[in-house]
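Step one of this worksheet: look at the structure below.
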Amino acid sequence: MELEYEYVAALVLTLAVALAVRWALSSPSPQCSSGRKVSVAGGAQRHAHRRPLGALRGQGPRNPGVEKSYKKLKYRAAKEDERARRRVERAEAGRSAFDSAAAKANILWTVLKKTVFKDTENCIKEEKLLKQFYNNAIRASISQSNVDGVEMAYALDKFASRADQACCLLLKADQLLQEKSEAGAPGFPPMGSAVSIACVGGGPANDAFGFFLFNAIRNLELKMTATVYDFAPGWQVVVDLLSKSLNDPDVLRVLQPPEGNGARPALSFQLCDLQKDPSDPVNQSIVSAAPHTQFFIFSYSLHESSGLGHTLFPALLQAAPSNSVFLVIEVFKEVVTKALDMGKSYGFEAYDVEASPDTAFNGGFMVKS
């Protein structure tokens, strides 16, 4: 009798396993957002699975089986959503030019997502690459291998907030310089003039678009030529797409001054490495352009590259022309302070920008006398 029970139990177990296997084989193979089949083990998708960043914000497919592996990106996405919410609040308040920056950044991003980024949101590289990029950036150990494959994901994650920050720092700098103008301090270029802008470590050109927004809000009608300088050639794909978007009437409508008489901005990409010497061939373009460049923007690039510990940054300070402006935004306040202190030794007047509701970041700028 005991053997009989063991036999029956074994038979039931065998049937259960067979049914489970049959069910698994008859179920459709899970696919990533690009349509590629993904291997399955233990009922959970492997980490090769691609997932739209939008899904982190509830805009795409969800898979409970891999929720834990997305914790960090979900946290970052929540932070970006909070920043977007604050931009909306500022835009609705409409109290100042800084509120206009928030409004225009939101409108610009809405337009770009329908044009430049409309086919990329479902082709983002796996979340592991983007997390690795951020982790290495905060540890100041970014390499080209960290950038390859995350360009579009990073742009989708950061573009609007970084463009807003660059615009707000420019507005604050313009405000402070105007207040000091009676004392003989140099101001920003006069209306109608042409300016050259260097976005050093500028990645997907978010800070360049921040300058374009600043021009529109201040109604300066500047003829702007912006160059994104970065050590990773993969950023050029994003920059080229954004450069083409400057022909789009909807994009230009956001970037034009109220009267709509401004010239179309120009945007391009060149290689540059803050860790290499000025004499290195990769830095030939920026070193040649520095004496003719009016604005240098370092948006979250000095810390991640350890740029202040190398020779290119001081070489740019030395080569920059009179009245040129260096703007710095960073994760850590001490990086901003150190950059401003270096500028003073090259004839710059430095301005530390205190964090406030209008400038909710660590930033500063300096003007060469």
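None of the figures in this text is laboratory data; all of them are computed from the coordinates on show. Here the structure is a predicted model, which means the values were calculated and not measured. Using ideal geometry, Cβ is built from the backbone for each residue, glycine included, and neighbour counts are taken over all protein chains shown.
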Reciprocal mean inverse distance between Cα atoms of the range 276-321 - Kirkwood radius, Å: 11.0
Cβ-Cβ FRET estimate between Ala266 and Lys180, R0 fixed at 25 Å, reported to 0.05: 0.25
If the convex hull is drawn through the Cα atoms of the range 216-369, its volume per residue in Å³: 124
Cβ crowding within 10 Å averaged over residues, with 159-171, 201-213 ranked highest first: 201-213, 159-171
Over the range 277-369, relative contact order from alpha-carbon pairs under 8 Å, at least 6 apart, %: 28
Ratio of the Cα radius of gyration of the range 284-358 to 2.2 N^0.38 Å, where N counts its residues: 1.08
